[in-house]
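To start, the structure itself, in structure tokens.
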Amino acid sequence: MSDSNNAPKYESIVIRALWMLVFLLVWQVAQLVLGGLVLVQLIYRLLYGAPNRGLMNFGDSLSLYLAQIGRFGSFHTEQKPWPFADWPAPRAPEGEAPYVSPSGSTETKP
């Protein structure tokens with residue numbers, strides 16, 4: 001005999017496990033994108049002497065997104081990451097200042 005009170009909990013854990021598998025795949029793709037971004041940012045830094053502001057902001061947002069996936073996957077939160085929540089906003093840079101073109105505007109492309 002099964003307890004009918006356990007059925008909803010079992011269904012919700014099965015659904016959560018499926019979402020966790022989906023976010024595990026998203027994690028793998030996002031990790032590759034972040035690795036590529038790191039290499040591009042390094043090349044940009046070597047060429048221009050300072051990092052690209054757009055890449056800095058996107059890298060920070062992507063890192064925060066990966067943290068959201070980790071928090072959801074480790075049962076730290078019930079809030080599913082993007083697209084179920086807002087995309088994380090980048091924080092203010094704590095390292096080097098971004099590249100500024102000679103005209104005074106910030107460049108987003110090399």
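The values are calculated or read from the model by the stated rules, or taken from the named source; none is laboratory data. It should be emphasised that the depicted structure is a prediction, and the values quoted were computed from it without experimental measurement. No Cβ is skipped: glycine too gets one built from the backbone with ideal geometry, and neighbour counts run over all protein chains shown.
Side notes on the structure shown:
- In the range 90-100, the qualifying residues are those that are out of contact with any Pro (no Cβ under 6 Å at 6 or more places or on another chain), assigned to a loop (DSSP other than H, G, I, E, B) and surrounded by 10 or more Cβ atoms within 10 Å (Cβ to Cβ), and the one that is modelled with the lowest pLDDT is Ala97.
- Residue match in the range 71-88 (condition: hydrophobic (A, V, I, L, M, F, W, C) and in a helix (DSSP H, G or I)): yes
- The number of residues in the range 35-59 being among the hydrophobic types (A, V, I, L, M, F, W, C) and either assigned to a loop (DSSP other than H, G, I, E, B) or closer than 16 Å to Pro88 by Cβ (or both) comes to 5.
- Whenever a residue of the range 40-60 is closer than 19 Å to Ala30 by Cβ, its partners that are among the small types (Gly, Ala, Ser) and assigned to a helix (DSSP H, G or I), lying with C-beta atoms within less than 7 angstrom and at least six residues away or across chains, give the pairs Gln41/Gly59.
- Any hit, the range 18-26, residues being under 11 Å from the mean Cα position of the chain (by Cα), modelled with pLDDT of 95 or more and in a helix (DSSP H, G or I): yes
- Flag if Leu39 is within 17 Å of the chain's Cα centre (by Cα) and either surrounded by 12 or more Cβ atoms within 10 Å (Cβ to Cβ) or modelled with pLDDT of 90 or more (or both): yes
- Meets criteria (in a helix (DSSP H, G or I) and loosely packed, with under 11 Cβ neighbours inside 10 Å) for Leu32: yes
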